[in-house]
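A.B. asks: What follows is a single structure, and I will ask about it in a moment.
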Amino acid sequence: MKWNKGVSIIIGLVLLASISLSACSSKSTSGENEAVKPTEISIMTMYYTPEPPGPDNVVVKEIEKVTNTKLKITWVSPNNYADKINVTLASGDIPDLILLDDPFNAQVRSMVAQGAFWDLTPLLKDYVNLMNYPKESWENTKQADGNTYGIPRPRPTDGGGFPYIRKDWLDTLKLDIPTTTDELYTVMKAFVENDPDGNNKNDTIGYVGFVDQNGMSYLSQLQNSFTKTNSDWKLVDGKLVNVNVLPEVKESLVWLNRAFKEKLIPEDVAVMKNTQAKDLLKANRGGLFQDTVEAAWEPTEELLKTIPQADFLPLVSLNGYVNKDGGFYGMYAIPKTVSEDKVKKLLSFMDYGATDEGNTLASFGIKDVHYTEKDGIKTPTEQAKKDIVAQQAFGQIFLKYDPYLRAYRSGMPNEIYERNKKIIDERAKTSIGDPSIGLVSDTNSKVGTELRKKIQDMKTKVIMGKESIEAWDVYVAKLKQDPDMVKITAELNDSYQKRLAAAK
């Protein structure tokens, strides 16, 4: 067969085009395969649901799909999380993202100093949703060198534990909402003596609060309303002072001792448990309690079954004080064994979790399957329980910052939700935080717990009248000279000054 020259040229061009397309196609397919290859991410975190989500959990699978990841999650009960953290950190086999529930314990601080975790400070600016976390969340999780070694698990700074009061009892007795501890005392006395529940029995308690061996517990914010700090430490003339040596704590003990003698607080103030206190509230026995803003709905909801006007109202402040929380509950750190490229992928993953879409998917699941929505309020379905979809599950990894997280609880009417939001807004104008968050004292790590127990033991005795106020004065004089207290105070102030210097 004779080949025509023109035909040969045409065939050659066709073959060349075919080869070129084949090469492009091969390159394109290879690129697509590379692009869609999921990033493998290992995570260790807590769960608060009865059972943890499994690897085939519908929300886990959906998040993997949306984020193009393959997740290996180690879910740990909060009951033994501290032990698990210690073992995991000591092993050196640390997952890509590890929730450090206490970012300032000695082990974590030592590992940070040794360079075991990524310093995220120069990288974070590129992740706008994470940067929407409140300033306090980032500031309060910085380490001693002033740098950021983890992504905070954000929590609202306002709306935390503070007294809430039976508003309907106030109305029945024609009393105003108390704004000072003196006014509160008058109200508590009326709640006990003037039969606010109208049952003609002397069976009501003014303030259902209690202490424990480690601290003031559910009377802590009453003490803090005297000291005006959400901490055992207060800044006085630029230096940290332990509040127990201040006259304001003595004033609070005089107040509480009087309330105990007049039976305005429980007689078993030293041994009462949280469940017992809540049972008294739900049984229409208590006028006040301390808890987060949305938690006031729990006893209210129970009382409304039999008392249509029942209403526990969260107070805005006392003595011009209300607490500001730290804005975080632990942080997610990334070990230095992870490559820098993967660090950026991990930050993108967590950044998605801080969006509306990511947060809703993690905490509430799929609309009309795991939750219904009306007037902006999401209500979980029974399927959500079956599929373990909740803020207490994957919502512990993905969490968008919500200043009103402590305003709503399931089943709450919209008018209560809106009222709670306004209360949180009012609190935010004056709330006072803990100046000692993140500060380091080796002495405190070693002996602080026992020292606090001794202090609380003395406080409890004073409240119950087993020791006199004069005995407290003698105790405080010794406490000021206590070698451990002196060292802790010096070390915390040194740490505070270093933090100030690092911030400049």
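Since every read-out is calculated from the coordinates, none of them should be taken as a lab result. Predicted model only: the values in this text are computed from it and were never measured. Reconstructed Cβ throughout: ideal geometry from the backbone, glycine too, with neighbour counts over all protein chains shown.
A.B. asks: If each residue's Cβ is checked for other Cβ atoms within 10 Å, how do Lys345, Lys263, Lys504 rank with the fewest at the top?
C.D. replies: Lys504, Lys263, Lys345
A.B. asks: When the helices in the chain are scored as -39500 (n - 2.57) per DSSP H run of 4 or longer and the sum is shared across all residues, what 222 nm value do you end up with, to the nearest 500 deg cm²/dmol?
C.D. replies: -14000 deg cm²/dmol
A.B. asks: Arrange Thr88, Thr306 by Cβ neighbour counts within 10 Å, fewest through most, would you? Kindly include the intermediate steps, with their values, before the conclusion.
C.D. replies: Values: Thr88 16, Thr306 8.
Lowest count first: Thr306, Thr88.
A.B. asks: Any idea what % of Cα-Cα pairs in the range 254-293 are farther than 11 Å?
C.D. replies: Percent of Cα pairs beyond 11 Å in the range 254-293: 69.
A.B. asks: Between Asn199 and Leu500, what length in nm is gained on full extension when 0.36 nm per residue of separation is reduced by their alpha carbon distance?
C.D. replies: Taking Asn199 through Leu500 to full extension adds about 102.6 nm, to one decimal.
A.B. asks: If you rank Tyr371, Tyr149 by fewest surrounding Cβ atoms within 10 Å, what's the result?
C.D. replies: Tyr371, Tyr149
A.B. asks: May I ask for the distance between the Cα centers of the range 93-138 and the range 395-450, given as a whole number of Å?
C.D. replies: About 20 Å separates the Cα centre of the range 93-138 from the one of the range 395-450.
A.B. asks: Which one, (i) 37, 27, 22; (ii) 44, 24, 23; (iii) 54, 30, 18, gives semi-axes √(5λ) of the Cα gyration tensor in Å as derived from the coordinates shown?
C.D. replies: Computed from the coordinates, semi-axes √(5λ) of the Cα gyration tensor in Å corresponds to (iii).
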